[in-house]
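The values are calculated or read from the model by the stated rules, or taken from the named source; none is laboratory data. From a predicted model like this one, the values you see are computed outputs, not experimental measurements. FYI the Cβ positions are ideal-geometry reconstructions off the backbone, even for glycines, and counts take in every protein chain you see. To get the accessible areas, we keep the full protein, side chains included, count just its heavy atoms, and leave off ligands, DNA and RNA. Shrake-Rupley method; radii C 1.70, N 1.55, O 1.52, S 1.80 Å.
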Amino acid sequence: MKKILVLGISGSIGRQTWQVIRQHPEEFQLVGASFGDNLELLPELLKEAHLTHIWVKSNDTRLALKVQYPKIRFYSGEEYMIDMVLDTEYDLLVNALVNFIGLKPTLAAIERKKNIALANKETLVVAGQFVLEACQRQQVSLLPIDSEHSAIFQCLQGNQRQDVKSITLTTSGGSFRDKSRAELKDVTVKEALQHPNWSMGCKITIDSATMMNKGFEVIEAHWLFGLPFKQIKVAIHRQAIVHSFVTYQDNCTIAQLATADMRVPIQFALSWPKRLEAPSHSELDLTKTPPLTFEAVDYDRFPLLALAYRVGEKKGNLPAVMNAANEVAVSYFLAEKIPFLAIEDIVIKTCDTIAYSPEVSLQDIYTWDGEGRRVAAEIAKEFLL
Ligand code: MG
């Protein structure tokens, strides 16, 4: 029985992780969870999951729950999420948090030699070097939940990493893949949130529309699989059936195919190295799927993807700055304060404005994150609606 602690259970990945856990009661047990603003799932979990540790955002909620459930340990406040990660007894930490707040709890779990299933890509984008060093030092497995990285991870099973020639991350192209840049000028939040293939949270759906998400995934792949950027490629694949592929030195390509359902990669991260039955999604019938197509990416059309390659190569303070600027810009767009294309302008200008610093410590990353946010908010003033 694998005991699982889920950070970010109320989000899209967190809820689907709970569905997978629930479908395999003989394999998995949910022992702890952190909730965001949405507490909808809490009564169900309190009834079904035998949780021992719970983190909630508001202190008032924590105090109320503590009276009601004296046997459960409750936490609130950002800095106490680490305490929950340190106190709870579990085998696997699922990090399904959104944005950069996922870093500290992940590092705390690695120091406890707990395996990590990672859906929080910002953690690797901003601090990949430190996370990987800690994983190697503590001999911890970092299991990808992102569908593309899960696909690559699956294609690598049974093969030698040194035999890899290249990996290709597929992308559906996001909600605006058929719009020209001119047509993007006046798109609304509602339109941006309609992803053609995947059902995901708001932040990542916007990041998919700008392809910042694919840029993050390129950097994530660089750290997860230890590959130089020139060996990491991106291709547009509209059907979202081939989730990524690996080409080996002998020019053989191995791809992973499945229904576009996040419970596929979640379940593999939870069950690895085993494979379990999957009641939540059906088998892919290749005789009934539409023709599978692959197209090259136009980097002028998606400048944030091009930026991510440059930033990933240069490293230093740039990944933290790029991520911080993107978090600010996306939150402004979602609040309808800026037009869609301003997201790109704000992120690119913030990276150009802040002086490049090649050497950074883990502590510096928090400083550069703050600086990125400050400068991005300043630059955003030019674009306010
Ligand atoms: Mg992905």
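Would you say Asn251 is modelled with pLDDT of 95 or more and open to solvent by 70 Å² or more (accessible area, probe 1.4 Å)?
It is true that Asn251 is modelled with pLDDT of 95 or more and open to solvent by 70 Å² or more (accessible area, probe 1.4 Å).
Report, by residue number, each residue of the stretch 176-195 that is of a type in the set (Asp, Glu) and more than 21 Å from Val297 (Cβ to Cβ).
If the condition is that a residue be of a type in the set (Asp, Glu) and more than 21 Å from Val297 (Cβ to Cβ), then Asp186, Glu191 are the ones that fit.
Filter the stretch 294-311 for residues that are in contact (Cβ under 8 Å) with a residue 12 or more places away in the chain and more than 22 Å from Lys179 (Cβ to Cβ); which is most open to solvent (accessible area, probe 1.4 Å)?
Here the answer is Tyr309.
Residue-wise test of (1) in contact with a helix residue (DSSP H, G or I) (Cβ under 6 Å, 6 or more places away or on another chain); (2) open to solvent by 20 Å² or more (accessible area, probe 1.4 Å).
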site: His53; (1), (2): yes, yes
site: Lys66; (1), (2): no, yes
site: Lys71; (1), (2): no, yes
site: Ser76; (1), (2): yes, no
site: Glu79; (1), (2): no, yes
site: Val85; (1), (2): yes, no
site: Tyr90; (1), (2): no, no
site: Ile101; (1), (2): no, yes
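Being at pLDDT 95 or above, open to solvent by 60 Å² or more (accessible area, probe 1.4 Å) and more than 17 Å from Phe216 (Cα to Cα) narrows it down to one of Lys314, Lys349, so name that one.
Lys349
Can you tell which of Val264, Val234 is within 13 Å of the ligand (Cβ to nearest atom), of a type in the set (A, V, I, L, M, F, W, C) and within 26 Å of Gly11 (Cα to Cα)?
Answer to the selection: Val264.
Looking at the stretch 366-381 only, could you name the residues that are touching a residue at least 12 places away in the same chain (Cβ under 8 Å) and either of a type in the set (D, E, K, R) or in the same structural domain as Leu124 (by TED's automatic domain parsing) (or both)?
Asp369, Glu371, Arg373, listed by residue number.
Please go through (1) among the β-branched types (Val, Ile, Thr); (2) within 16 Å of the ligand (Cβ to nearest atom); (3) out of contact with any Gly (no Cβ under 9 Å at 6 or more places or on another chain) for Val98 and return the number of the only condition it doesn't satisfy.
Result: Val98 fails condition (3) only.
Among the residues of the stretch 205-221, are any touching a Lys or Arg at 6+ places or on another chain (Cβ under 6 Å) and outside the structural domain of Leu97 (by TED's automatic domain parsing)?
The answer is yes; a qualifying residue exists.
Of everything in the stretch 196-209 that's modelled with pLDDT of 90 or more and not small (Gly, Ala, Ser), which residue is farthest from the ligand (Cβ to nearest atom)?
Ile206
Quick one: which strands (runs of 3 or more DSSP E) sit completely within the stretch 8-118 and have at least 1 residues that are under 22 Å from Phe216 (Cβ atoms) and not polar (S, T, N, Q)?
By residue number, 92-95, 115-118.
For Gln129, indicate whether it is more than 15 Å from the ligand (Cβ to nearest atom), open to solvent by 10 Å² or more (accessible area, probe 1.4 Å), in contact (Cβ under 8 Å) with a residue 24 or more places away in the chain and in contact with an Asp or Glu (Cβ under 7 Å, 6 or more places away or on another chain). Spell out the reasoning first.
Numbers: more than 15 Å from the ligand (Cβ to nearest atom): yes; open to solvent by 10 Å² or more (accessible area, probe 1.4 Å): yes; in contact (Cβ under 8 Å) with a residue 24 or more places away in the chain: yes; in contact with an Asp or Glu (Cβ under 7 Å, 6 or more places away or on another chain): no.
No, not satisfied.
Of the residues Leu86, Leu107, Leu118, Leu92, only one is more than 25 Å from Gln249 (Cβ to Cβ), within 16 Å of the ligand (Cβ to nearest atom) and in contact (Cβ under 8 Å) with a residue 12 or more places away in the chain; which?
Leu118
Quick test for you: out of Ala255, Ala235, Ala240, pick the one residue that is more than 20 Å from Gly316 (Cα to Cα), in contact with a Cys (Cβ under 8 Å, 6 or more places away or on another chain) and assigned by TED's automatic domain parsing to the domain that holds Pro303.
Of Ala255, Ala235, Ala240, the one residue that is more than 20 Å from Gly316 (Cα to Cα), in contact with a Cys (Cβ under 8 Å, 6 or more places away or on another chain) and assigned by TED's automatic domain parsing to the domain that holds Pro303 is Ala255.
Can you tell me how many residues in the stretch 290-324 are in contact with a Phe, Trp or Tyr (Cβ under 8 Å, 6 or more places away or on another chain) and among the aliphatic types (A, V, I, L, M)?
Within the stretch 290-324, residues that are in contact with a Phe, Trp or Tyr (Cβ under 8 Å, 6 or more places away or on another chain) and among the aliphatic types (A, V, I, L, M) number 7.
With the requirement that a residue be within 16 Å of the ligand (Cβ to nearest atom) and hydroxyl-bearing (Ser, Thr, Tyr), what does the stretch 148-195 give you?
Quick first cut of the stretch 148-195, residues within 16 Å of the ligand (Cβ to nearest atom) only: 148-155, 167-175, 177, 195.
The answer is Ser150, Thr168, Thr170, Thr171, Ser172, Ser175.
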